[in-house]
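Sharing a structure below in structure tokens format, with a few things to ask.
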Amino acid sequence: MTIRKLFLLLLIPAAALPAATDDNIEFSGVLVVPDKTTVHLASRSSGTSAWIALGQSFEGYIVSAYEAKTDTIVLTKEGMTIRVRLNTAKVKEGKPPLDPLVVAQLTKAVLNNLRQLGAAADQYYLEHGTNHATLADLIGPTKYIRELKSVDNEDYSQLDFTQGKDFSITTGSGITVTYKQ
């Protein structure tokens with residue numbers, strides 16, 4: 001490197017150089033109200049976390065600025081500038097809660113299917129002298145139940161048709177219905 005290039009590098013202001021990062025500090029929230037910005041920081045090494053106002057310190061760093069356009073905070077420590085980006089959201093999309101009337105209707109319809117299966121299984125045990133059956137033994141054009149329609153994407157094939165055992169099934173909406181034998 002020539003002396004001229006080295007001299008030019010020395011003339012570049014520190015702000016123009018890329019900032020260092022610190023993987024120990026996590027920036028997970030920001031609250032901006034008139035005349036005050038507060039950020040939520042956590043230290044991965046110590047496990048501490050706190051809401052810190054601009055100008056205050058955390059783990060030896062001073063929170064110098066919040067850059068809203070890039071969701072980044074600027075931290076300074078011993079003359080060194082560090083930029084930390086806001087963690088991206090980790091929100092799972094939820095299902096809207098079901099109306100209680102809908103839950104009651106779904107539960108009643110699924111329970112009706114389970115009752116039919118219980119009665120068909122009891123008849124199968126009696127006629128075949130066994131204490132176990134399969135779904136294929138119970139449902140079909142010439143079987144005890146001609147057709148069984150799912151109410152809310154529940155899967156009856158996972159049921160254990162052992163005599164005296166309760167049937168429990170969970171619907172596609174997350175409703176669990178149990179039929180006591």
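How big is the Rg/Rh ratio for the range 15-85, C-alpha atoms only, Rh by Kirkwood, two decimals?
Checking Rg against Rh, the ratio lands at 0.93.
Moving on. Counting other beta carbons within 10 Å of each residue's own, what order do 111, 101, 117 fall into, fewest first?
Lowest to highest Cβ neighbour count: 101, 111, 117.
Only counting other Cβ atoms within 10 Å, I'd like 107, 130 sorted with the fewest neighbours first.
By the 10 Å Cβ count, ascending: 130, 107.
Amide H to amide H, which residues 5 or more places from residue 154 or on other chains are under 5 Å from it, using H placed in the peptide plane?
Residues meeting the amide H criterion: 172.
Kirkwood hydrodynamic radius of the range 100-179 from all distinct Cα pairs, in Å?
13.0 Å is the Kirkwood radius here.
Still on this structure: With point charges of +1 on the Cβ of Lys and Arg and -1 on the Cβ of Asp and Glu, referenced to the Cα centre of the range 49-174, which listed residue (173, 52, 81) lies farthest in the positive direction of the dipole?
Final value for the positive-end residue is 81.
Order by neighbour count: 160, 152, 35, fewest other Cβ atoms within 10 Å first, most last.
Ordered by Cβ neighbours within 10 Å, fewest first: 35, 160, 152.
Label the range 141-181 by shape, choosing from rounded, prolate and oblate, from the square roots a ≥ b ≥ c of the eigenvalues of the Cα gyration tensor; if a/c is under 1.5 it is rounded, and otherwise prolate applies when a/b is larger than b/c, oblate when it is not.
In terms of gyration-tensor shape, oblate.
No lab work stands behind these numbers, since they all come straight from the coordinates. What you are looking at is a predicted structure, and each value in this text was computed from that prediction instead of being measured. In this analysis, Cβ positions are derived from the backbone assuming ideal geometry, glycine residues included, and neighbour counts consider all displayed protein chains.
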